[in-house]
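One structure is given here, and the rest of the page talks about it.
None of the figures in this text is laboratory data; all of them are computed from the coordinates on show. From a predicted model like this one, the values you see are computed outputs, not experimental measurements. All Cβ positions, even for glycine, are placed from backbone atoms using ideal geometry, and neighbour counts span all protein chains on display.
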Amino acid sequence: MQALSDTAHILSLVFSSDNRSFGASAEAWRAAFPPHKHFRASCSALLLLEDTCALSLAQRLATLYLLANTWPTQLAPRNPFVPHFISLAARSDGHPAERNLALQLLLERGAGGVQQQQQQQRQQQ
């Protein structure tokens, strides 16, 4: 019964993302799902992304942002959805806005991860 409630909540958040900024959508996502439910909720959102007809472009972009920002402080390799971002960025038949956002999210996470590693190394020395 809880899984149906979570699914309804995911659908509600994704479908209402047309009327919200990415930041507001991410805040609503974090408020709706405690950390121990992030992975399950994100997997459900990914299934919506896999169906190219299920979401509008704005909803797809917001969902990509949510998947990237569920683990905002993690290095890119630790976000379990990075392979999906890479796949979207490499697709030639996808929408340019979707490819560009996937690339931007990958670059931000990758660059942030390198900077974090460098800072940690300096602190250890």
Added length on full extension, which subtracts the Cα-Cα distance from 0.36 nm per residue, Ala54 to Ile86:
9.5 nm
Mean Cβ count within 10 Å, highest first, over the residues of peptides 31-39, 8-16
8-16, 31-39
Distance in nm between label sites at Leu103 and Ser12, each 7 Å beyond Cα in the beta-carbon direction?
3.8 nm
If I model a spin label at Ala31 and Leu46 as a point 7 Å from the Cα along the Cα→Cβ vector, what separation in nanometres do I get?
2.7 nm
